[in-house]
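Colleague: Below is a structure I'd like to ask you about.
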Amino acid sequence: MKRIGIFYGSLTGTTEAVARRIGQLMGIADADIHNVADTAPDVLGNYDLILAGSSTWGSGELEDAWYSFFDGAMALSMAGKEVAVFGCGDETMADTFCNAVGELAARFSGMGASIVGKFNADGYHYAHSAAQDGDVMVGLVIDDVNHPELTPARIRSWVELLIQNS
């Protein structure tokens, strides 16, 4: 059985709430849900499947704590690890919608991890996203600002996908 850990960066609490909801649906203990602002990067080594989440800020950047976390994590080998990414954004930021999700996928992939958990973004309207991979997203994207009604079903569907593929 795969050991699963959730890592998130959240300034306003929205991404943390999504991380905790995912953890609840997957039966992940609170001790395995980590805020990257106060977690050592080597904790990634404890898990086979890593769920990584970030809000998108500014011109499409990661939540700030992720940058320091990745500074330390770059020394780690992620070979053999699977990473599923998720994040929150605002579709009215049409040129950078959920870019942080794409940034997480690119960074973990660059460290040797396999990215899993691609998901659709039907119901959202945006011009560009670094999270887009063809006709799907590299992971779960949430817009709790403009489409909170989509959030519970999206989280549930993504979790079901991850469980089926584990």
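We did not get these values from a lab; they are worked out from the coordinates using the rules stated. Worth saying up front: this structure is predicted, and the values here are computed from it rather than measured. Cβ coordinates were reconstructed from backbone atoms using ideal geometry, including for glycine residues, and neighbour counts include every protein chain displayed.
Colleague: Of ASN99, ASN120, LEU162, whose Cα points farthest to the positive end of the dipole of the stretch 15-166 (charges on the beta-carbon: +1 Lys, Arg; -1 Asp, Glu; origin at the Cα centre)?
Modeller: My answer, from the dipole projection, is LEU162.
Colleague: Follow-up question, since we're still on this one. What dipole magnitude, in Debye to the nearest 20, does the chain give about its Cα centre under +1 on Lys/Arg Cβ and -1 on Asp/Glu Cβ? Can you show the working numbers first?
Modeller: On the way: 9 positive and 22 negative charges, 115 e Å.
Using Cβ point charges on Lys, Arg, Asp and Glu, the chain gives about 560 debye.
Colleague: Report the residue, chosen from GLU61, GLU149, GLU16, that carries the largest GNM mean-square fluctuation when the chain is represented by alpha-carbon nodes joined by springs under 10 Å.
Modeller: Highest fluctuation among the options: GLU149.
Colleague: Compactness ratio of the stretch 52-99: Cα Rg over 2.2 N^0.38 Å, N = residue count?
Modeller: Expressed relative to 2.2 N^0.38 Å, the Cα Rg reads 1.31.
Colleague: Once the dipole of the stretch 17-75 is set up with Lys and Arg at +1 and Asp and Glu at -1 on Cβ about the Cα centre, which of GLY27, GLY45, PHE70 lies farthest towards its positive end?
Modeller: GLY27
Colleague: Sticking with this structure for a sec: If one computes the Cα centroid of the stretch 1-58 and of the stretch 101-166, what distance in Å separates the two points?
Modeller: That distance is 15 Å.
Colleague: Show that you can apply the helix-only estimate: for the chain, add -39,500 (n - 2.57) for every DSSP H stretch of four or more residues, divide by all residues, and state [θ] at 222 nm to the nearest 500. Walk me through the numbers before you get to the answer.
Modeller: Details: 4 runs with 48 residues, N = 166.
So the calculated ellipticity at 222 nm is -9000 deg cm²/dmol.
Colleague: Next up: Could you give the Stokes-Einstein D for the stretch 1-160 in µm² per second, using the C-alpha Kirkwood radius, 37 °C, 0.692 mPa s?
Modeller: Details: Rh = 15.2 Å.
Result for D is 215 µm²/s.
Colleague: So what's the angle, to the nearest 10 degrees on a 0 to 90 scale, between helix 99-110 and the longest Cα principal axis of the chain?
Modeller: For 99-110 against the chain, the angle is about 30 degrees.
Colleague: Looking only at ASN35, ASN146, ASN99, which one moves most when the chain is put into a Gaussian network model with springs between Cα atoms under 10 Å?
Modeller: ASN146
Colleague: Antiparallel versus total DSSP beta bridges in the stretch 1-139: what percent is that, nearest 5?
Modeller: Numbers: 4 of 23 bridges.
Within the stretch 1-139, antiparallel bridges account for around 15 percent of the total.
Colleague: Just how large is the dipole of the stretch 1-44 about the Cα centre, in debye to the nearest 20, putting +1 at every Lys and Arg Cβ and -1 at every Asp and Glu Cβ? Please report the intermediate quantities before stating the final value.
Modeller: On the way: 4 positive and 5 negative charges, 46 e Å.
In total the dipole reaches around 220 debye.
Colleague: A further question follows. Based on the inverse mean of 1/r over its pairs of different Cα atoms, what is the Kirkwood hydrodynamic radius of the stretch 1-77, in Å? Please list the in-between numbers first.
Modeller: Numbers: mean 1/r = 0.0786 Å⁻¹.
For the stretch 1-77, inverting the mean 1/r across all distinct Cα pairs yields 12.7 Å.
Colleague: Grab the other residues whose beta carbon is less than 12 angstrom from that of LEU25, score K and R as +1, D and E as -1, and report the net. Please report the intermediate quantities before stating the final value.
Modeller: On the way: positive: ARG20, ARG21, ARG154, ARG156; negative: GLU160.
Charge balance in the 12 Å sphere: +3.
Colleague: Which residue, LEU140, LEU62, LEU25, has the most motion in a Gaussian network model of the chain that connects Cα atoms within less than 10 Å?
Modeller: LEU25
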